[in-house]
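Beneath this line is the structure, given in structure tokens, with notes to follow.
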Amino acid sequence: MVTCKICEEAFVTKPDTMVICEHRDGAVHIGCCVHKCSWDKKGPVNCKHAKATFKKIQLQK
């Protein structure tokens with residue numbers, strides 16, 4: 001199971017966008033990135049360590 005490198009919670013339990021972070025060497029929640037790590041508090045858009053973002057999608061039946 002993949003967990004956030006900042007808060008240690010699994011991505012299946014928290015409905016948040018996943019950021020691949022070079023600084024944290026793995027995946028982090030976008031909320032954790034913005035509120036607990038990002039120096040400018042603007043998130044992965046302006047962070048040079050964010051390499052990609054992934055958003056959960058709802059599968060339709």
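Restricting attention to the stretch 22-58, which residues are at pLDDT below 90, touching a helix residue (DSSP H, G or I) at 6+ places or on another chain (Cβ under 8 Å) and not in a loop (DSSP other than H, G, I, E, B)? Those that are at pLDDT below 90, touching a helix residue (DSSP H, G or I) at 6+ places or on another chain (Cβ under 8 Å) and not in a loop (DSSP other than H, G, I, E, B): A50, T53.
Could you list, in sequence order, all residues of the stretch 1-21 that are of a type in the set (D, E, K, R) and modelled with pLDDT under 85?
Here is the first cut: in the stretch 1-21, the ones of a type in the set (D, E, K, R) are 5, 8-9, 14, 16.
Scanning the stretch 1-21 gives K14, D16.
Each residue in the stretch 11-34 was checked for being within 11 Å of the chain's Cα centre (by Cα) and exposed (fewer than 13 other Cβ atoms within 10 Å of the Cβ), and 1 pass.
The values are calculated or read from the model by the stated rules, or taken from the named source; none is laboratory data. The shown structure was predicted, so the numbers you read here are calculated from the model rather than taken from an experiment. We place every Cβ from the backbone using ideal geometry, glycine too, and count neighbours over all the protein chains shown.
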